[in-house]
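Chemist: Quick one: the structure is below, questions incoming.
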Amino acid sequence: MPLFALATAALVAAPLMLPMFAMTLLTEALILGLLAMSLDLMVGYTRLISFGHAAAYGLGAYTCGNLLLHTTLPLPFAVLAASLLTGVVAIGVAWVCTMAKGVSFSMLTLAFAQLLYAVAFKWTSVTGASDGLAGIPRRAGPFGITVFEGKTGFYYLVLACLLGSFLFCRALVNAPFGAVLRGIRENEAKTLSLGYNTRLYKIAVVALSFALGGLAGALYAPFAGFANTELLFWLFSGQVLIMVIVGGQGTLLGPILGAAFFMLLEHVLSAYTESWALVFGLIFIGFVMFVPQGIWGLVTRTRRARA
Amino acid sequence: MDLLPFLLTQSLNALSQAALLFFLGVGLTLIFGIMRIVNFAHGTFYMLGAFVGYSAVRFTGSFWVGLVLGPLVAGGIGVAFETGLLRRLYKRDESAFLMVTFGLTLVLGEVIRLVWGVEALQVPTPETFAGIVFLFDEPFPVYRLFLAAAGVVVAIAIWQFLERTRLGLLIRATSQNAEMVHALGVDVKLVRSAIFGIGCGLAALGGVLAAPLVTASLGMAANAIIDAFVIVIIGGMGSFLGSLLAAVLVAFVQVFGAYYFPDFALAAMYLLMLLVLVIRPGGLLGKEA
C-alpha cells in the first residue's frame with residue numbers, strides 16, 4: 001500500500017511543517033479517527049449499530065482523567081489502564097445488549113450511554129458533575145521521559161496509538177475472527193448453524209471496540225485538559241456514527257477519513273456561518289442517500305477506474 | 001401532608017405527565033409498526049410543535065390556533081420528507097433511515113434556531129385552564145388536569161381511528177403484511193406517507209401542549225427523543241396499547257422517583273427500560289423478541 005505509507009510519512013512529518021493551531025486540530029482529528037475506527041468494528045464489520053459509542057469515549061476520558069488527577073501514574077500507563085477498564089466494563093454492557101437484535105440493540109446501547117450520562121451528572125466526587133474534571137495534567141514518565149508533556153510529543157503518542165490500533169484491527173478483521181464477524185453481518189442464523197457461538201463473538205467485538213474507543217477518550221482527557229458530560233451525550237454518539245458512515249463503513253481507514261472530514265468541515269463552516277449544523281445535516285443526508293459507500297468508497301472507485 | 005391525598009395528587013400529576021409521553025411515543029410506535037423505521041427526528045417535531053404554538057399565541061392570541069397549526073405544520077413537513085427522501089430508501093437496511101432522520105434532526109433543529117432564536121420562549125397557559133383547584137386541600141394546577149383529560153381523549157380518538165375508519169384499517173393491515181395489502185390494490189406508499197405525517201403531527205401536538213409547562217427551548221428535542229424511544233421500547237415497537245401502558249409506567253416512575261429518590265430519578269427511567277428489555281426483549285406488548 002504505497003498510499004498508506006505516504007499518508008503515514010506525511011503524518012509523521014506533519015509537526016515539522018504545520019503551524020501550532022493546525023497541529024492541535026490534527027491531534028484532535030486523529031483522536032476522533034481512532035474513536036470512529038473503533039466503532040467501525042461494530043457497525044461496518046458486524047452490523048451492530050451502536051448509538052451509544054460516546055459511552056466508550058466518556059468512560060475512557062473520565063477514567064484517565066481521574067488517574068492523572070489523583071494518582072502518580074505516568075501518562076501512557078494511565079491511558080492504557082483507562083482503555084482496559086473501558087473494555088472490561090463493555091463486557092457487561094455487551095452481555096445485556098446482545099440479548100436484543102437490530103433496532104432494539106441500537107436502542108439498548110443508547111440507553112446504557114444515557115444511563116452513564118445520568119450517573120456522570122450525579123456522581124460529583126468522581127466526575128465533577130456538570131463542571132466536569134478540569135486541569136487534567138499530561139504527567140511525565142515513565143523512566144523520566146518528559147516528551148509527552150509537550151504538544152508535539154503528545155501528538156506522536158496519539159499517532160502511535162492510532163497506527164497501532166489500526167494495524168491491530170486490520171489483522172483482526174483479516175483473521176478467521178473477522179470472517180466470523182462478517183458472517184454475523186451477512187447472516188447471523190447461518191453463522192450460528194455453522195457452529196459459531198455468535199453471541200460470544202458479538203460480546204468480544206463490542207469489548208474490543210469499547211477498549212479502543214476508551215483509548216481514544218483516554219487520550220482526549222490529557223489532550224484537552226478536561227472531561228465533561230458532553231463527551232457522554234447521545235448527540236456525540238450520533239456524530240461518531242456519521243463519521244463512520246460518511247467515511248465508509250467496513251473499511252477501517254474510511255472512518256478515520258470521515259472523522260478528519262467532520263473536523264475540517266466543522267472548522268471551516270463555523271468560520272463562515274453559525275448554522276454549520278444545517279449545512280452539515282444536508283451533506284450527511286446527501287451521503288446516506290447517494291454515496292452509501294462513503295468517502296473511502298469514492299477514493300477506491302476512482303483509483304480502480306484509473307488503473 | 002397525609003399519605004392518601006399526597007398519593008392521589010401525585011398520581012394525577014403523573015397522569016398528566018403520562019399524557020405528554022403518550023403523544024410523543026404513540027406517533028413513533030405507529031411509524032415503526034408500519035414502516036419499520038426509527039424516526040430520529042421525532043423529538044425535533046415535538047420541539048417544532050412547541051415553537052409553532054408559541055408563535056400562534058403571539059400573533060393570534062389564541063392557544064387553540066396553535067394546537068391546530070402545530071400538528072398541521074409538523075405533519076406537512078413529515079409528509080414532504082417521507083415522499084421526498086425516505087421513500088427512496090425502502091430497499092436499503094434500517095440503519096439508512098436512522099441516519100437520514102438523524103440528518104433531518106440537525107437540519108430542522110438549525111432551522112428552528114434560525115427562525116425562533118436561542119432564547120427559551122414562555123408560552124402562557126390558556127386562560128380557561130390557568131388557575132388552580134384545591135384537591136384534598138392541596139393546590140393543583142388546572143392545566144395539568146386538562147392535560148390528563150386530553151391524553152385520555154386523544155388515546156380514545158386514536159384507538160377509534162385505528163379500529164373504525166378505513167385508513168385505520170389499512171394502517172393495521174399494512175403493519176401486518178404490507179405486500180398483501182399492496183396486492184389487494186391499495187397504494188401502500190400513500191398509507192406510509194399518511195402514517196408518517198400523522199406520527200409527526202402527534203409529536204407536535206404533544207409539543208404544543210407541553211409548551212406552557214416547560215417553555216419552548218432548543219433543548220426540548222434531545223430530551224423528547226430519548227423519552228420517546230424509552231416509551232416505544234418499553235411498550236413494544238409498533239404496539240399502540242404498549243405505548244399507552246409504557247407512558248403511564250414511565251410517568252409514575254418519573255414523578256414518584258423524583259420525590260423519593262431525587263438523585264436517581266434520571267437513571268430510574270433507563271433502569272426500568274433495561275429491566276423490561278432483559279425480561280421481554282420485544283417490549284411489554286411487542287411482537288418480536
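The values are calculated or read from the model by the stated rules, or taken from the named source; none is laboratory data. Small disclaimer: the values here were computed from a predicted structure and weren't measured. Note that each Cβ is placed from the backbone with ideal geometry, even for glycine, and that neighbours are counted across all protein chains shown.
Chemist: If A:SER50 meets every condition in (1) assigned to a helix (DSSP H, G or I); (2) surrounded by 24 or more Cβ atoms within 10 Å (Cβ to Cβ); (3) at pLDDT below 90 apart from one, which number is that one?
Modeler: All conditions pass for A:SER50, except number (1).
Yes or no, residue by residue, for (1) facing chain A (nearest Cβ under 10 Å); (2) over 28 Å from B:TYR143 (Cβ atoms); (3) touching a residue at least 60 places away in the same chain (Cβ under 8 Å):
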| residue | (1), (2), (3) |
| --- | --- |
| B:LYS189 | no, yes, yes |
| B:ILE198 | no, no, yes |
| B:GLY201 | no, no, yes |
| B:VAL232 | yes, no, yes |
| B:ALA251 | no, no, yes |
| B:LEU266 | yes, no, no |
| B:LEU274 | yes, yes, no |
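Chemist: Related question: Tell me, which residue of region B:74-97 that is aliphatic (A, V, I, L, M) and surrounded by fewer than 21 Cβ atoms within 10 Å (Cβ to Cβ) is farthest from A:ILE285 (Cα to Cα)?
Modeler: B:VAL79
Chemist: Further question: Do we find that A:VAL126 is aliphatic (A, V, I, L, M) and within 19 Å of the chain's Cα centre (by Cα) in this structure?
Modeler: no
Chemist: Have a look at A:LEU115, A:LEU108, A:LEU157 and point out the one that is more than 14 Å from chain B (Cβ to nearest Cβ), at negative phi and assigned to a helix (DSSP H, G or I).
Modeler: Checking each option against the conditions leaves just A:LEU157.
Chemist: Take the residues in region A:250-271 that are closer than 21 Å to A:ALA22 by Cβ and within 14 Å of chain B (Cβ to nearest Cβ); name whichever of them is surrounded by the fewest Cβ atoms within 10 Å (Cβ to Cβ). Walk me through how you get there before you give the answer.
Modeler: Residues of region A:250-271 closer than 21 Å to A:ALA22 by Cβ: A:256-271.
Next cut, within 14 Å of chain B (Cβ to nearest Cβ) only: A:258, A:262, A:265-266, A:269-270.
Numbers: A:GLY258: 30, A:PHE262: 23, A:LEU265: 16, A:GLU266: 16, A:LEU269: 17, A:SER270: 13.
Looking at residues that are closer than 21 Å to A:ALA22 by Cβ and within 14 Å of chain B (Cβ to nearest Cβ), I get A:SER270.
Chemist: Give me the pairs: first residue in region B:211-222 and more than 21 Å from B:ALA130 (Cβ to Cβ), second residue at pLDDT 85 or above and surrounded by fewer than 17 Cβ atoms within 10 Å (Cβ to Cβ), beta-carbon distance under 9 Å, and six or more apart or on different chains, which are they?
Modeler: Close Cβ pairs satisfying both conditions: B:LEU218/B:ARG113.
Chemist: Take A:PHE77 and decide whether it is within 10 Å of chain B (Cβ to nearest Cβ) and within 20 Å of the chain's Cα centre (by Cα).
Modeler: no
Chemist: Another question, then. Could you list, in sequence order, all residues of region A:286-299 that are outside any loop (DSSP other than H, G, I, E, B) and either at pLDDT 80 or above or within 12 Å of chain B (Cβ to nearest Cβ) (or both)?
Modeler: A:GLY286, A:PHE287, A:VAL288, A:MET289, A:PHE290, A:GLY294, A:ILE295, A:TRP296, A:GLY297, A:LEU298
Chemist: Name the one entry in A:ALA120, A:ALA129 that is buried (at least 17 other Cβ atoms within 10 Å of the Cβ) and more than 8 Å from chain B (Cβ to nearest Cβ). Step through it out loud before you land on a result.
Modeler: Numbers: A:ALA129 fails: buried (at least 17 other Cβ atoms within 10 Å of the Cβ).
Testing whether each residue is buried (at least 17 other Cβ atoms within 10 Å of the Cβ) and more than 8 Å from chain B (Cβ to nearest Cβ) leaves just A:ALA120.
Chemist: Among the residues in region B:90-112, are any within 22 Å of B:LEU202 (Cβ to Cβ), out of contact with any strand residue (DSSP E or B) (no Cβ under 8 Å at 6 or more places or on another chain) and more than 10 Å from chain A (Cβ to nearest Cβ)?
Modeler: Within region B:90-112, one or more residues are within 22 Å of B:LEU202 (Cβ to Cβ), out of contact with any strand residue (DSSP E or B) (no Cβ under 8 Å at 6 or more places or on another chain) and more than 10 Å from chain A (Cβ to nearest Cβ).
Chemist: Determine, yes or no, whether A:THR86 is of a type in the set (S, T, N, Q) and surrounded by fewer than 24 Cβ atoms within 10 Å (Cβ to Cβ).
Modeler: no
Chemist: Further question: Quickly run through region A:86-105 and pick out the residues that are facing another protein chain (nearest Cβ under 10 Å) and among the β-branched types (Val, Ile, Thr).
Modeler: Result: A:VAL96, A:VAL103.
Chemist: Taking B:LEU274, is it closer than 22 Å to A:PHE233 by Cβ and over 18 Å from the mean Cα position of the chain (by Cα)?
Modeler: yes
Chemist: Can you tell me which residue is farthest from B:ARG280 (Cα to Cα) among those in region A:65-105 that are of a type in the set (Val, Ile, Thr) and in a loop (DSSP other than H, G, I, E, B)? Quick ask: steps written out before the conclusion?
Modeler: Our first condition is that a residue be of a type in the set (Val, Ile, Thr); within region A:65-105, this holds for A:71-72, A:79, A:86, A:88-89, A:91, A:93, A:96, A:98, A:103.
When the remaining residues are screened for being in a loop (DSSP other than H, G, I, E, B), the result is A:71-72, A:98.
Details: A:THR71: 43, A:THR72: 46, A:THR98: 13 Å.
Among those that are of a type in the set (Val, Ile, Thr) and in a loop (DSSP other than H, G, I, E, B), it is A:THR72.
Chemist: Give me the pairs: first residue in region A:157-174 and at pLDDT 90 or above and basic (Lys, Arg), second residue surrounded by 20 or more Cβ atoms within 10 Å (Cβ to Cβ) and not in a helix (DSSP H, G or I), beta-carbon distance under 9 Å, and six or more apart or on different chains, which are they?
Modeler: A:ARG170/A:LEU252
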